[in-house]
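**Q** Before we start, here is the structure in question, set down as structure tokens.
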Amino acid sequence: MCHEHIPPAPFTKKVHLRFHDYPSLLEEIRKRPQMYLGGDELNLESLGTHLDGFKMAEWFHELPETQHMGGFDWESYEAWVKSTYNPERLSLNSMPLAVHISNSKTAAFDLWFSWYDEYSESNGKM
């Protein structure tokens, strides 16, 4: 019996995301963190890795900026966290800073989301 080799379909750069912006993704993660991040405990580092995966996929698939997931100004948020919660001017962005301040990956998860909420509310994003 001869099995004909069927080549895989050509790769296309069409990406279908369930979430079209970071705020909707973050809200879903907040509701069901273990579903998206795994593990037995909340872990802010897992959230960071998950979000980095979206950025890596955009880069890997060479998506133009217009097709990147948006809806949240990460650069502005990081600057706000730095000016509001990093008086020592440690060389940390918001996620490692939350871990440093709370001294717990689990508590850091809640702390980071409280900063996200505060920033979003003050910038009319929610």
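Only the coordinates and a few stated rules stand behind these numbers; no lab work does. Computed from a predicted model, the values in this text were never measured in an experiment. Here Cβ is always computed from backbone atoms with ideal geometry, including for glycine, and neighbour counts include all displayed protein chains.
**Q** Pop a pseudo-label 7 angstrom from the Cα along the beta-carbon direction at both Asp110 and Thr49 and give the gap in nm to one decimal.
**A** Taking the simple label geometry, Asp110 and Thr49 are separated by 2.3 nm.
**Q** Using DSSP to call loops (not H, G, I, E or B), can you name the GluC sites (Glu not before Pro) in the stretch 81-126 whose Cβ has at most 15 other Cβ atoms within 10 angstrom? Intermediate values should be presented prior to the final figure.
**A** Numbers: sites: Glu88, Glu118, Glu121; in loops: Glu88.
When the GluC sites (Glu not before Pro) of the stretch 81-126 are filtered for loop state and at most 15 Cβ neighbours within 10 Å, Glu88 remain.
**Q** Before anything else, pin down the relative contact order of the stretch 41-122: Cα pairs under 8 Å, at least 6 apart, normalised by residue count, whole percent.
**A** It rounds to 41 percent for the stretch 41-122.
**Q** Under a 5 Å amide H to amide H cut-off, with H placed in plane at 1.01 Å, what residues pair with Gly70 once short-range neighbours are removed?
**A** Correct list: Tyr22.
**Q** Label points 7 Å out from Cα along the Cβ direction at Asp73 and Ser24: separation in nm?
**A** 2.2 nm
**Q** Quick one: Asp110, Asp52, fewest Cβ neighbours within 10 Å first, how do they rank? Kindly include the intermediate steps, with their values, before the conclusion.
**A** Working: Asp110 15, Asp52 10.
Ascending number of Cβ neighbours within 10 Å: Asp52, Asp110.
**Q** How far apart, in nm, are two points set 7 Å out from the Cα along the Cα-to-Cβ line at His100 and at Asp40?
**A** The modelled label-to-label distance comes out at 3.0 nm.
**Q** What ranking do Ser76, Ser91 get, fewest neighbouring Cβ atoms within 10 angstrom at the top? Each step should come with its number before you reach the end.
**A** Working: Ser76 11, Ser91 8.
Going from sparsest to densest Cβ surroundings: Ser91, Ser76.
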